1. Residue by residue through region 197-247, note down the ones that are charged (D, E, K, R), in a helix (DSSP H, G or I) and in contact (Cβ under 8 Å) with a residue 60 or more places away in the chain.
2. Name the one entry in ASP196, ASP212 that is of a type in the set (Asp, Glu), touching a strand residue (DSSP E or B) at 6+ places or on another chain (Cβ under 8 Å) and either surrounded by fewer than 20 Cβ atoms within 10 Å (Cβ to Cβ) or modelled with pLDDT of 95 or more (or both).
3. Restricting attention to region 36-47, does a residue exist that is touching a His at 6+ places or on another chain (Cβ under 9 Å) and either away from the ligand (no atom under 11 Å from the Cβ) or not basic (Lys, Arg) (or both)?
4. Of the residues ALA154, ALA174, only one is within 21 Å of GLY252 (Cβ to Cβ), touching a strand residue (DSSP E or B) at 6+ places or on another chain (Cβ under 7 Å) and crowded, with 19+ Cβ neighbours inside 10 Å; which?
5. Would region 48-59 turn up any residue that is more than 18 Å from the chain's Cα centre (by Cα) and among the hydroxyl-bearing types (Ser, Thr, Tyr)?
6. Does ALA294 satisfy the condition of being among the small types (Gly, Ala, Ser) and farther than 18 Å from ILE44 by Cα?
7. Which members of region 91-115 meet the condition of being surrounded by 18 or more Cβ atoms within 10 Å (Cβ to Cβ), hydrophobic (A, V, I, L, M, F, W, C) and in a helix (DSSP H, G or I)?
8. Among the residues in region 50-59, are any more than 10 Å from the ligand (Cβ to nearest atom), under 24 Å from GLY220 (Cβ atoms) and surrounded by fewer than 16 Cβ atoms within 10 Å (Cβ to Cβ)?
Amino acid sequence: MKRVPKRTSVDMSIELAKLRLESPVLTASGCAAAGKELDQFIDISTIGAVVTKSVMLEPRSGRATPRMAETPSGMLNGIGLQGPGIDDFIEKDLAWLNQKGAKTIVSIAGNNVEEFGKVADKLRDIPGVIGIEVNISCPNVENRGQVFACDPYAAADVINNVRRNVSASMPLFAKLSPDVTDITEIAKSVVKAGADGLSVINTLLGMVIDTDTLLPRLSGKTGGLSGPAIRPVAVRCVYQIRKALPNIPIIGMGGIRSGRDAVEFFAAGANAVSVGTTVFNDPEACVRVHDEVAQILQDKGLRSLAEIINAAHEELI
Ligand SMILES: Cc1cc2nc3c(=O)[nH]c(=O)nc-3n(C[C@H](O)[C@H](O)[C@H](O)COP(=O)(O)O)c2cc1C
């Protein structure tokens with residue numbers, strides 16, 4: 001039996017940009033591919049949405065191994081955006097997701113501003129795509145590999161171009177990097193450029209050195225740190241963005257392992273959450289976290305999730 005959320009008297013539905021979702025718990029990009037591996041454990045049509053692995057214009061084989069390393073309370077990955085390319089992805093993965101009745105948010109990436117626009121354009125009128133998450137945490141090959149998400153102008157250029165290549169009604173989420181001095185500056189810039197919502201946060205740049213060889217563990221030397229180790233950073237980022245932009249829809253993520261962890265994000269200002277690294281050792285995690293949040297709300301005598309969103313901001317409630 002595939003796991004589905006338990007019936008509850010608590011209203012767990014959410015409004016997210018132009019979307020209404022029955023569950024506030026989504027997968028995190030890159031941690032559940034295109035949902036197939038999860039399908040044997042959970043009914044993927046019952047989670048908030050499947051956020052797919054970032055897809056680029058052309059197929060990519062990613063970095064050489066090793067691409068993963070364990071870290072205290074987390075992991076470091078340097079996969080290098082391996083993927084089939086957008087045409088193959090639409091033909092196989094999106095068709096499968098649609099047939100399963102999944103609500104899909106497609107994560108896209110690009111090597112330059114134009115490429116992001118071309119990938120987005122391919123997604124016009126594809127059934128089952130309810131939103132696009134723009135992964136701007138990748139290097140701009142036209143500007144010395146500077147990560148788009150670390151520069152408010154480059155980040156805005158990407159979002160602007162994607163916006164021009166999708167219908168006005170398509171919800172666009174810009175996924176932000178925590179590796180900046182002031183994340184609210186980037187947030188404001190991408191919202192001004194046309195993002196309807198923000199996904200917060202991508203991994204933190206890290207490194208693990210093998211103390212026997214004295215060399216970096218990952219072939220790419222550095223990688224993205226994820227898992228519970230980054231949760232306080234992620235909660236802080238969501239909180240700061242909510243304070244700066246009181247009405248912007250936020251998908252919060254970073255080290256969510258339990259309903260209690262998700263509640264931290266909702267109180268900080270997230271309208272939805274994505275569950276990433278945890279899914280590798282608990283493929284039922286998205287449904288489990290949904291059930292645990294519902295139970296926490298019920299124990300508090302609350303009727304809806306909406307009652308705790310922004311609760312940590314005394315000035316907003
Ligand atoms: C193995 C792995 C692959 C990832 N791939 C992507 C990706 O393709 N696109 C993206 O935007 N984020 C990617 N991420 C980042 C996650 O979506 C998420 O933002 C981050 O891991 C924090 O959440 P977590 O601690 O729950 O994993 C990846 C993370 C991991 C661990």
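The values are calculated or read from the model by the stated rules, or taken from the named source; none is laboratory data. Values in this document were obtained by computation on a predicted structure and should not be read as measured data. Cβ placement follows ideal geometry from the backbone for every residue including glycine, while neighbour counts extend to all protein chains displayed.
1. If we filter region 197-247 for residues that are charged (D, E, K, R), which is where we start, we get 210, 212, 217, 221, 231, 236, 242-243.
Narrowing the set further to residues that are in a helix (DSSP H, G or I) leaves 231, 236, 242-243.
Within region 197-247, ARG242, LYS243 meet the criteria.
2. On the way: ASP212 fails: touching a strand residue (DSSP E or B) at 6+ places or on another chain (Cβ under 8 Å).
Within the list ASP196, ASP212, the selection yields ASP196.
3. Scanning region 36-47, I find at least one residue that is touching a His at 6+ places or on another chain (Cβ under 9 Å) and either away from the ligand (no atom under 11 Å from the Cβ) or not basic (Lys, Arg) (or both), so the answer is yes.
4. Details: ALA154 fails: within 21 Å of GLY252 (Cβ to Cβ).
The match here is ALA174.
5. Initial filter on region 48-59 (more than 18 Å from the chain's Cα centre (by Cα)): 57-59.
Applying the additional criterion that residues be among the hydroxyl-bearing types (Ser, Thr, Tyr) yields none.
No, region 48-59 has no match at all.
6. Numbers: among the small types (Gly, Ala, Ser): yes; farther than 18 Å from ILE44 by Cα: yes.
Yes; evaluated as a whole, the condition is true for this residue.
7. LEU94, LEU97, VAL113, listed by residue number.
8. Of the residues in region 50-59, the ones more than 10 Å from the ligand (Cβ to nearest atom) are 50, 57-59.
Of the ones still in play, those that are also under 24 Å from GLY220 (Cβ atoms) are 57-59.
The next check asks that each one be surrounded by fewer than 16 Cβ atoms within 10 Å (Cβ to Cβ); those that pass are 58-59.
For region 50-59, residues more than 10 Å from the ligand (Cβ to nearest atom), under 24 Å from GLY220 (Cβ atoms) and surrounded by fewer than 16 Cβ atoms within 10 Å (Cβ to Cβ): present.
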